[in-house]
Amino acid sequence: MTRRIEDFGLVGDMQTAALIGRNGAVEWACLPRFDSPAVFAHLLGTEDNGFWCISPASDATLPAGRRQYRGESLILETEWSTASGVAKVIDFMPPRDGGAPQLVRIIEGISGRVPMHSRLRMRMDYGSVVPWVTTHEGRTRAVAGPNCLWLDCAVQAYGESLTTKADFSVCEGQRVAFVLSWQPSHLEAPAILDAEEALEETEKYWARWASACTYTGPYHQAVVRSLITLKGLTYAPTGGIVAAPTTSLPEEIGGVRNWDYRYCWLRDAAITLSSLLRTGYRDEARAWSQWLVRAVAGDPENLQIMYGLAGERQLPESELPWLAGYEGSRPVRVGNGAADQVQLDVYGEVTETLHRARQAGLPAETAAHLQVRLIRYLEKHWHEPDEGIWEVRGPRRHFVHSKVMAWVAVDRTVKLLESGVVCGPLERWRILRDDIHRDVCARGYDSSRNTFTQYYGSTELDAALLLIPQMGFLPPDDPRVIGTIEAVERELMTADGFVRRYRTTGVDGLPGDEGAFLACSFWLADAWIMIGRVDEAQALFERLLELRNDLGLLGEEWDPVRKRQVGNFPQAFSHVGVLETAMRLQSALARIQVPA
């Protein structure tokens with residue numbers, strides 16, 4: 001059975017996550033953190049690399065289960081209808097309070113009597129290590145090196161073919177719980193979890209969190225689901241936000257554009273926190289700003305584009321040759337070499353977020369001093385080439401978007417100095433702001449085509465140019481802005497109306513192609529709103545919402561040929577697009593008094 005990326009659902013505890021397919025199989029889970037080695041890696045290999053499937057025993061002829069999230073939560077419910085009855089599998093990870101990470105699976109009988117089957121194949125270190133499995137005081141224990149997994153269940157488990165199995169039945173009203181816990185192997189066994197109590201507390205947690213949303217527009221359900229997804233990608237102990245909980249889900253099926261996204265990109269996290277702040281989540285914004293200060297502290301002049309969950313700087317990239325890759329997409333990579341790249345645009349995203357945080361009244365004195373130090377560095381280096389927002393692995397270039405965001409960084413810092421919060425060379429940076437603006441308009445604009453270009457001297461386009469009016473670099477009604485939007489429509493839009501980042505031939509140093517980048521498609525909708533094409537923007541936004549899977553989740557890209565999601569999943573950047581465009585549409589529709 002082909003497992004499309006969109007066939008998976010997400011459960012998580014704000015420290016790690018698991019992906020569960022329509023067939024009831026957990027095919028990806030890293031314990032104890034997002035960036036830990038996977039204990040289930042079937043998603044990127046075969047069943048021998050680890051999985052955990054709970055489904056009706058007669059599943060040979062069953063359709064995929066019907067599923068949904070329970071209310072506004074990350075509690076996943078999959079319902080199976082069989083000839084003998086109906087059963088439901090409830091999957092969740094309780095938010096941690098210093099204890100062990102736990103994946104809970106409760107099987108509930110809805111009607112009749114349904115024979116069920118659990119097959120648990122535990123594999124450590126991305127599916128390369130078979131653990132030593134024993135029974136200890138009625139609990140199943142799997143040990144390999146520093147890792148230990150404990151399985152607790154009320155039914156009899158047995159071993160067969162290096163797999164832990166259980167056969168049981170559920171009748172109407174009956175519930176059977178399985179709990180899988182991770183613990184360092186040198187520690188004693190974790191306490192046995194009361195699964196029903198954990199389910200109740202987890203449901204209360206998500207209900208409380210979701211109720212804080214201040215968005216009241218016409219797309220409330222989509223906004224809340226994206227907010228919950230983004231919260232699920234937050235590493236609670238530090239406030240860092242991962243770009244996605246997966247690695248190496250391909251941007252092109254069968255291709256080599258496979259990257260590890262289980263880290264904190266400053267760009268992604270900054271934009272995410274900006275959206276969370278605008279929808280009422282001040283605590284998350286405060287935690288992220290504190291994470292930023294810690295991550296950058298001691299060396300702000302060498303700002304990295306990404307860090308580990310706790311601010312780690314060393315993220316060496318390597319390949320896992322024993323994994324065949326998702327649908328043969330190899331290599332499978334862990335770590336990310338882009339951490340060593342120069343991307344000048346991150347200075348702009350970070351300062352813009354700090355600017356918004358200050359506008360919202362969050363304490364930011366330490367962050368303000370950090371911002372001044374960042375601009376002192378940027379002042380000396382903004383004119384240099386970089387790898388740009390898309391982390392090209394070709395030569396460095398003078399990317400226009402990077403220069404625009406350098407202007408944003410200086411502009412927001414000028415505003416900071418004008419506010420009197422901190423001191424700095426105000427007049428000099430006002431001049432610097434004007435110098436960058438003139439440079440971009442002179443060298444990054446193609447007057448013959450009336451469009452800004454991907455990089456200085458280029459005729460290529462880049463969808464990141466759609467952000468020019470959003471960032472205030474030029475007003476939306478400037479002919480150069482309108483010309484750039486129209487050029488992106490002509491040259492980067494796919495046949496089904498979504499937007500590619502850029503043409504991949506040559507600029508990024510990689511073979512193959514990729515799909516439409518979903519965040520860029522949301523940016524086009526935003527740009528249309530800003531130039532008054534609200535009806536078209538709303539239509540595009542609603543078509544983008546239709547690309548979500550049945551659980552409301554989006555990956556990184558859309559393959560316009562295969563008509564399916566591609567890239568790491570679920571993707572923070574895409575869900576931020578849902579939030580930003582929904583809020584812009586709400587304001588635009590209110591202005592023109594269109595009934596919601």
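The values are calculated or read from the model by the stated rules, or taken from the named source; none is laboratory data. Source: prediction; values computed, not measured. We place every Cβ from the backbone using ideal geometry, glycine too, and count neighbours over all the protein chains shown.
Select from the range 530-547 the residues that are in a helix (DSSP H, G or I) and more than 25 Å from the chain's Cα centre (by Cα) and write down the one among them that is surrounded by the fewest Cβ atoms within 10 Å (Cβ to Cβ). Reasoning before the result, please.
Here is the first cut: in the range 530-547, the ones in a helix (DSSP H, G or I) are 530, 534-546.
Now drop any that are not more than 25 Å from the chain's Cα centre (by Cα), which leaves 530, 534-536.
Working: MET530: 21, VAL534: 19, ASP535: 12, GLU536: 16.
This residue is ASP535.
Got at least one residue in the range 52-61 being small (Gly, Ala, Ser) and under 29 Å from ALA212 (Cβ atoms)?
No, every residue in the range 52-61 fails to be small (Gly, Ala, Ser) and under 29 Å from ALA212 (Cβ atoms).
Determine which member of the set VAL346, VAL332 is more than 23 Å from ARG412 (Cβ to Cβ), in contact with a helix residue (DSSP H, G or I) (Cβ under 6 Å, 6 or more places away or on another chain) and crowded, with 22+ Cβ neighbours inside 10 Å.
Working: VAL346 fails: more than 23 Å from ARG412 (Cβ to Cβ).
Answer to the selection: VAL332.
For ILE110, are the conditions met, namely being within 29 Å of the chain's Cα centre (by Cα), at pLDDT 95 or above, over 22 Å from HIS186 (Cβ atoms) and surrounded by 14 or more Cβ atoms within 10 Å (Cβ to Cβ)? Steps first, please.
On the way: within 29 Å of the chain's Cα centre (by Cα): no; at pLDDT 95 or above: yes; over 22 Å from HIS186 (Cβ atoms): yes; surrounded by 14 or more Cβ atoms within 10 Å (Cβ to Cβ): yes.
Criteria not met by ILE110.
Identify all residues within the range 547-566 that are touching a Pro at 6+ places or on another chain (Cβ under 7 Å) and farther than 18 Å from ALA222 by Cβ; write none if there are none. Working first, answer last.
Of all residues in the range 547-566, those touching a Pro at 6+ places or on another chain (Cβ under 7 Å) come to 553-555, 566.
Of everything in the range 547-566, just one residue is touching a Pro at 6+ places or on another chain (Cβ under 7 Å) and farther than 18 Å from ALA222 by Cβ, namely VAL566.
From the residues in the range 123-174 that are touching a His at 6+ places or on another chain (Cβ under 9 Å) and assigned to a strand (DSSP E or B), which one is surrounded by the fewest Cβ atoms within 10 Å (Cβ to Cβ)?
ASP167
Looking at the range 72-87, is at least one residue in a strand (DSSP E or B), closer than 24 Å to SER128 by Cα and in contact with a strand residue (DSSP E or B) (Cβ under 8 Å, 6 or more places away or on another chain)?
Step one: list which residues in the range 72-87 are in a strand (DSSP E or B), which gives 76-82, 85-87.
If we keep only those that are closer than 24 Å to SER128 by Cα as well, we get none.
No, every residue in the range 72-87 fails to be in a strand (DSSP E or B), closer than 24 Å to SER128 by Cα and in contact with a strand residue (DSSP E or B) (Cβ under 8 Å, 6 or more places away or on another chain).
Which ones in the range 213-257 are charged (D, E, K, R) and either closer than 28 Å to LEU292 by Cβ or out of contact with any Gly (no Cβ under 8 Å at 6 or more places or on another chain) (or both)? Walk me through it before giving the result.
Filtering the range 213-257 down to residues charged (D, E, K, R) leaves 225, 231, 251-252, 257.
ARG225, LYS231, GLU251 - these are the residues of the range 213-257 that are charged (D, E, K, R) and either closer than 28 Å to LEU292 by Cβ or out of contact with any Gly (no Cβ under 8 Å at 6 or more places or on another chain) (or both).
Filter the range 290-329 down to the residues that are of a type in the set (D, E, K, R) and closer than 16 Å to ASP260 by Cα, then identify the one that is surrounded by the most Cβ atoms within 10 Å (Cβ to Cβ). Walk me through how you get there before you give the answer.
Initial filter on the range 290-329 (of a type in the set (D, E, K, R)): 294, 299, 301, 312-313, 317, 319, 327.
Checking the rest, the ones that are also closer than 16 Å to ASP260 by Cα come to 312-313, 317, 319.
Details: GLU312: 16, ARG313: 14, GLU317: 14, GLU319: 14.
It comes out as GLU312.
What residue, of VAL488, VAL507, VAL481, is assigned to a loop (DSSP other than H, G, I, E, B), surrounded by 17 or more Cβ atoms within 10 Å (Cβ to Cβ), over 24 Å from the mean Cα position of the chain (by Cα) and in the same structural domain as PHE399 (by TED's automatic domain parsing)? Spell out how you get there, then give the answer.
Details: VAL488 fails: assigned to a loop (DSSP other than H, G, I, E, B); VAL481 fails: assigned to a loop (DSSP other than H, G, I, E, B).
One residue alone meets the criteria, VAL507.
Which of the following residues is among the charged types (D, E, K, R), in the same structural domain as THR453 (by TED's automatic domain parsing) and without any contact (Cβ under 8 Å) to a residue 60 or more places away in the chain: ASP411, ASP386? Spell out the reasoning first.
Numbers: ASP411 fails: without any contact (Cβ under 8 Å) to a residue 60 or more places away in the chain.
Answer to the selection: ASP386.
Which of the residues belonging to the range 219-257 are touching an Asp or Glu at 6+ places or on another chain (Cβ under 8 Å), hydrophobic (A, V, I, L, M, F, W, C) and not in a loop (DSSP other than H, G, I, E, B)?
Those that are touching an Asp or Glu at 6+ places or on another chain (Cβ under 8 Å), hydrophobic (A, V, I, L, M, F, W, C) and not in a loop (DSSP other than H, G, I, E, B): VAL224, ILE228, ILE241.
List the residue pairs whose Cβ atoms are under 6 Å apart, where the first residue sits in the range 39-68 and is assigned by TED's automatic domain parsing to the domain that holds GLY24, the second is among the basic types (Lys, Arg) and modelled with pLDDT of 95 or more, and the two are 6 or more positions apart or on different chains.
ASN49/ARG123; GLY50/ARG121; GLY50/ARG123; PHE51/ARG121; CYS53/ARG119; ILE54/ARG105
Looking at ASP283, is it among the acidic types (Asp, Glu), more than 30 Å from GLU379 (Cβ to Cβ) and at pLDDT 90 or above?
Answer is no for this residue.
Restricting to the range 354-399, and then to whatever is farther than 12 Å from LEU344 by Cβ, in contact with a helix residue (DSSP H, G or I) (Cβ under 7 Å, 6 or more places away or on another chain) and among the charged types (D, E, K, R), can you tell me which residue is modelled with the highest pLDDT?
ARG373
In the range 104-122, is there at least one residue being without any contact (Cβ under 8 Å) to a residue 24 or more places away in the chain, closer than 17 Å to PHE51 by Cβ and either basic (Lys, Arg) or part of a strand (DSSP E or B) (or both)?
Applying the first criterion (without any contact (Cβ under 8 Å) to a residue 24 or more places away in the chain) to the range 104-122 yields none.
No: zero hits.
Take ARG358 and tell me if it is of a type in the set (Lys, Arg) and either in a loop (DSSP other than H, G, I, E, B) or within 30 Å of TRP28 (Cβ to Cβ) (or both).
So ARG358 fails the test.
What's the number of the condition GLN371 fails, among (1) among the polar types (S, T, N, Q); (2) surrounded by 15 or more Cβ atoms within 10 Å (Cβ to Cβ); (3) free of Cβ contacts under 8 Å to residues at least 24 places away in the same chain?
The number of the failed condition is (3).
So which residues in the range 76-94 are aliphatic (A, V, I, L, M) and either touching an Asp or Glu at 6+ places or on another chain (Cβ under 6 Å) or not assigned by TED's automatic domain parsing to the domain that holds ILE54 (or both), if there are any at all? Break it down into steps so the answer makes sense when it comes.
If we filter the range 76-94 for residues that are aliphatic (A, V, I, L, M), which is where we start, we get 76, 83, 86-87, 89-90, 93.
Correct list: LEU76, ILE90, MET93.
I'm checking my understanding of the structure. Among residues of the range 74-99 that are buried (at least 19 other Cβ atoms within 10 Å of the Cβ) and of a type in the set (Gly, Ala, Ser), which one is nearest to SER185 (Cα to Cα)?
Once the filter is applied, the top-ranked residue is ALA87.
Out of all the residues in the range 315-335, is one or more aliphatic (A, V, I, L, M), at pLDDT below 90 and in the same structural domain as THR366 (by TED's automatic domain parsing)? Give the steps one after another, and end with the answer.
Quick first cut of the range 315-335, residues aliphatic (A, V, I, L, M) only: 315, 320, 323-324, 332, 334.
From what is left, the residues that are at pLDDT below 90 are none.
No, there is no match, as no residue in the range 315-335 is aliphatic (A, V, I, L, M), at pLDDT below 90 and in the same structural domain as THR366 (by TED's automatic domain parsing).
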